[in-house]
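Notes follow once the structure below has been shown.
Readers should treat all values here as calculations from the given coordinates under stated rules, not as data from a laboratory. Keep in mind that this is a model prediction, so the values were computed, not measured. Cβ sites come from the backbone with ideal geometry, for glycine too, and all protein chains shown count toward neighbours.
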Amino acid sequence: MAEVFDRVRPDLDGVPETLLIPLWARAREQSHLDPIIVDPVAQQIIDALDYDFTRFTSQRVDAENFCIRSKVMDSLISDILRESGPRTVIEFGPGLDTRFNRLGHLAERWIEIDFPEVIALRKRFFHPDASRQMLSGSMLDQEWMDKLRGTTGAPPLFIAEGVFYFFSRPQIRDFLQRLKTEFPGSSIVFDAVSELYLKLSNLQHPLANSRLEFALSPEAADIPAWDPEMIIRDYIGFGDSPWYDGVMHRFAWWKRCAVRLLRPARHSFMVVHAESLN
Ligand SMILES: C[S@@+](CC[C@H](N)C(=O)[O-])C[C@H]1O[C@@H](n2cnc3c(N)ncnc32)[C@H](O)[C@@H]1O
């Protein structure tokens with residue numbers, strides 16, 4: 001039976017408010033007979049939130065973009081965890097996602113880090129336990145690194161879905177460097193867009209008070225160029241994963257044509273798995 005949560009007004013502003021977009025997209029997707037991602041809890045959360053989600057419908061936000069992103073990332077993360085065996089997963093900026101519900105059983109421990117107002121909201125819908133922790137703060141804070149360094153056994157797997165966009169390139173470069181130094185041998189799965197797609201995304205971004213800043217070059221080549229001890233283990237461009245096959249017909253015609261006719265178009269959106277060498 002569907003869970004009914006107490007009603008709450010999400011007092012979010014700026015970057016934290018953006019978490020409502022992928023949440024809305026995943027909830028909306030549940031009305032499809034064959035949803036790209038199965039996430040019934042997203043709709044239950046939306047039903048409990050006192051927020052005008054119709055703004056995303058009226059601004060014609062492409063819900064499928066967010067759903068295929070989650071699906072491709074889930075699939076990659078699940079492959080990585082099955083190959084390595086259970087290990088600690090540290091997810092940055094989970095917002096109100098339900099990834100732990102889908103993949104938590106593959107991890108030894110799952111830790112979610114987001115801003116205090118987001119974690120407070122998150123705790124209304126999800127409950128921490130021995131295998132799942134929620135930490136309030138910025139992923140850039142030294143505090144969580146000091147707390148977790150040396151406690152993870154095998155090097156952790158980091159996840160950042162829809163998060164790096166809000167940082168500058170030097171900020172992400174330095175952050176990846178810190179993760180490598182503090183957690184040698186760790187790896188990270190994240191998504192990014194090209195410079196051109198970043199410009200387009202800012203033109204269409206439905207929340208005016210959170211601009212997107214971060215873009216990467218094709219094949220995420222910047223990462224090993226920043227630090228040769230960071231290697232790209234997996235790179236999934238737009239249309240590359242088999243998960244796109246059943247979904248392509250739902251994308252705008254110009255995106256379908258571009259990705260079929262112009263190879264560089266596949267670099268407009270990427271899911272990257274980068275690993276730091278020990
Ligand atoms: C677009 S939302 C994505 C949410 C979630 N990953 C999803 O796909 O549904 C961006 C998330 O990143 C979080 N975030 C942004 N900057 C952060 C930081 N410095 N530390 C932790 N979380 C951050 C926001 O609060 C928000 O939850």
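For the residue pairs 199/255; 147/199; 123/147; 71/255; 123/180, the alpha carbons lie more than 26 Å apart in 147/199; 123/180. Between residue 253 and residue 219, the C-beta separation translates, for a Förster distance of 35 Å, into a calculated FRET efficiency of about 0.85. The slack in the chain from residue 33 to residue 240, taken as 0.36 nm per residue of separation less the alpha-carbon distance, amounts to 72.1 nm.
Fewest-first ordering of 146, 240 by other beta carbons within 10 Å of each residue's beta carbon gives 146, 240. For the range 228-233, 3J(HN,Hα) computed residue by residue from phi via the Karplus equation (6.51, -1.76, 1.60; θ = phi - 60°) reads x, 8, 10, 10, 8, 7 Hz, glycine and proline entered as x. Applying both filters, DSSP loop and at most 16 other Cβ atoms within 10 Å, to the GluC sites (Glu not before Pro) of the range 218-278 gives 229.
Over the C-alpha atoms of the chain, the Rg to Rh ratio, Rh being the Kirkwood estimate, stands at 0.93.
With neighbour counts taken as other beta-carbon atoms within 10 Å, the residues 261, 200 rank, fewest first, as 261, 200. Normalised by 2.2 N^0.38 Å, with N the number of residues, the alpha-carbon radius of gyration of the range 149-278 equals 1.13.
Residues whose amide H lies under 5 Å from that of residue 5, counting only those 5 or more places away or on a different chain, are absent; hydrogens are built 1.01 Å from N in the peptide plane. So, counting K/R as plus one and D/E as minus one, what does the shell of residues with Cβ under 12 Å around residue 237 add up to? Summing Lys and Arg as +1 and Asp and Glu as -1 gives -2. 3J(HN,Hα) couplings calculated from phi for the range 242-248 with the Karplus curve 6.51 cos²θ - 1.76 cosθ + 1.60 (θ = phi - 60°) are, in sequence order, x, 5, 6, 4, x, 10, 3 Hz; Gly and Pro show x.
For the chain, set up a GNM with springs between Cα atoms under 10 Å and report which of 43, 177, 142 has the largest fluctuation. Sorting by GNM fluctuation, first place goes to 142. For the range 14-58, a Kirkwood radius taken over Cα pairs fed into Stokes-Einstein (10 °C, viscosity 1.306 mPa s) yields D = 145 µm²/s. Seen from residue 271, the other residues with C-beta closer than 13 Å to its C-beta sum to a net charge of -3, counting Lys and Arg as +1 and Asp and Glu as -1.
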